[in-house]
Amino acid sequence: MNVFVLNAGSSSVKASYFVGDTWLADGVAAWSASLRWSTSRSTATLQWTTPHDHGSSDVAAGDHGTAIGELVAFALESHAIAPEIVGHRVVHGLGESRPAHIDARVRAVIAAAVELAPAHNRAALAGIDACVAAFPGVPQAADFDTAFHATMPDEAAAYALPYAWFAERGIRRYGFHGISHRYCARRTADLLERDPSGLRIVSAHIGNGVSLAAIVDGASVDTTMGFTPLDGLMMGSRSGSVDPGLVLHLLRTNAYSVADLDRIFNDESGLAGVSEVSRDVREVVAAAERGLPSARLALDLFVHRISAGIAAMAVAAGGIDALAFTGGVGEGSAYVRGRVCSRLAFLGIALRARDEAGEADREIGEARAGVHVVVVRAREELAIARDIVRLQSTFNGNT
């Protein structure tokens with residue numbers, strides 16, 4: 001089956017095209033692309049690869065709709081893609097617990113969650129509209145980041161707020177990055193040559209967005225993000241959890257408007273806000289090495305929050321057999337991995353003397369340590385494609 005996957009995020013757009021059926025086993029896409037905005041936000045750089053070639057170009061990118069339209073048009077004109085189904089990553093799916101074909105009901109769910117994940121779900125809707133226009137008559141399907149965490153027990157999902165809010169109003173911890181966490185857990189089991197049953201994994205998705213998941217028997221039992229993707233750990237430009245009393249104080253004293261706080265907490269906090277340098281870990285590390293106090297604090301805070309979160313996830317899982325790093329920073333920053341793991345030695349976590357860089361999924365933990373440590377390349381597009389094929393196969397089998 002030919003599957004086109006669109007992963008429209010808040011700060012980038014990724015796409016992959018899978019042809020035939022061999023990719024189900026080998027995971028190789030016939031064509032992949034990523035689109036990242038320039039500092040002006042009026043243009044974006046489109047980088048594409050095939051198994052035999054690669055290239056890049058600048059495209060118009062005034063908004064997500066325009067940028068995605070340019071990406072899809074490029075895929076059609078330059079690579080003649082002809083998908084039989086299109087899969088979309090959707091960050092917030094409210095109560096949806098599995099992938100679904102996009103009809104009026106599912107689109108309404110995605111739209112209803114825009115207020116909770118505004119940058120992400122608006123991007124997903126723009127991607128859906130662009131693909132409906134480009135591929136008329138081709139089925140569209142949604143894969144929800146929140147679905148993986150639907151297995152969390154109530155004590156992990158509920159807030160300490162009035163019970164009716166949880167039972168009747170759907171105010172709960174949904175969790176995010178679920179597609180990445182699920183793929184990472186399965187790949188970790190493969191690397192360790194273990195069945196997921198009985199395996200206790202803490203998955204650390206560390207990129208511009210950061211979240212952890214406690215995964216037992218292949219199912220999520222806890223995670224760090226909550227009602228929205230703003231909750232949880234410190235991120236690239238997002239604050240993560242803050243005292244709700246602080247928010248009330250800032251509003252009560254008219255220090256900031258709701259719109260101001262939305263912007264500050266989402267776009268001007270995290271590594272970027274504390275360091276006053278960048279949301280890019282590499283740039284913050286370089287600034288810290290030059291002696292900039294704010295950069296040093298940003299890194300210390302980042303490592304502290306991640307380390308404490310991993311320990312908490314180990315408690316939720318009833319122990320830890322494997323720690324898996326994924327996401328751009330999780331995969332690429334030996335600095336972050338090293339500092340985090342050194343703080344978790346009391347859990348039996350230790351890295352090899354040389355944490356070698358590389359693109360391949362690999363184990364980096366000390367062989368004699370009590371906990372396996374692995375690096376898994378984030379492959380959300382592949383995971384979505386596989387989910388969508390299963391969805392379509394089930395649908396075809398019932399029709």
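Being in a helix (DSSP H, G or I), in contact (Cβ under 8 Å) with a residue 24 or more places away in the chain and either surrounded by fewer than 19 Cβ atoms within 10 Å (Cβ to Cβ) or among the charged types (D, E, K, R) (or both) is a property that Arg305 has.
Count of the range 163-181 residues, restricted to those that are crowded, with 24+ Cβ neighbours inside 10 Å and part of a helix (DSSP H, G or I), is 4. Just one of (1) at pLDDT below 95; (2) surrounded by 23 or more Cβ atoms within 10 Å (Cβ to Cβ) fails for Leu116. It is (2).
Against the test of being in contact with a helix residue (DSSP H, G or I) (Cβ under 8 Å, 6 or more places away or on another chain) and at positive phi, the options Gly273, Gly291, Gly236, Gly218 yield a single qualifying residue, Gly218. Taken together, the residues in the range 49-85 that are surrounded by fewer than 21 Cβ atoms within 10 Å (Cβ to Cβ), in a strand (DSSP E or B) and in contact (Cβ under 8 Å) with a residue 12 or more places away in the chain amount to 5.
Taking the stated definitions as given, is Val210 surrounded by 23 or more Cβ atoms within 10 Å (Cβ to Cβ), hydrophobic (A, V, I, L, M, F, W, C), assigned by TED's automatic domain parsing to the domain that holds Gly309 and within 22 Å of Phe325 (Cβ to Cβ)? Yes: the conditions hold for Val210. Can we say Ala111 is within 22 Å of the chain's Cα centre (by Cα) and either surrounded by 15 or more Cβ atoms within 10 Å (Cβ to Cβ) or in a helix (DSSP H, G or I) (or both)? It is true that Ala111 is within 22 Å of the chain's Cα centre (by Cα) and either surrounded by 15 or more Cβ atoms within 10 Å (Cβ to Cβ) or in a helix (DSSP H, G or I) (or both).
Does Glu331 meet the test of being in the same structural domain as Gly218 (by TED's automatic domain parsing), charged (D, E, K, R) and under 18 Å from the mean Cα position of the chain (by Cα)? Yes, satisfied.
The values are calculated or read from the model by the stated rules, or taken from the named source; none is laboratory data. Since we're looking at a predicted model, the values are computed, not measured. Every residue, glycine as well, gets a Cβ built from its backbone with ideal geometry; the counts of neighbours run over all protein chains shown.
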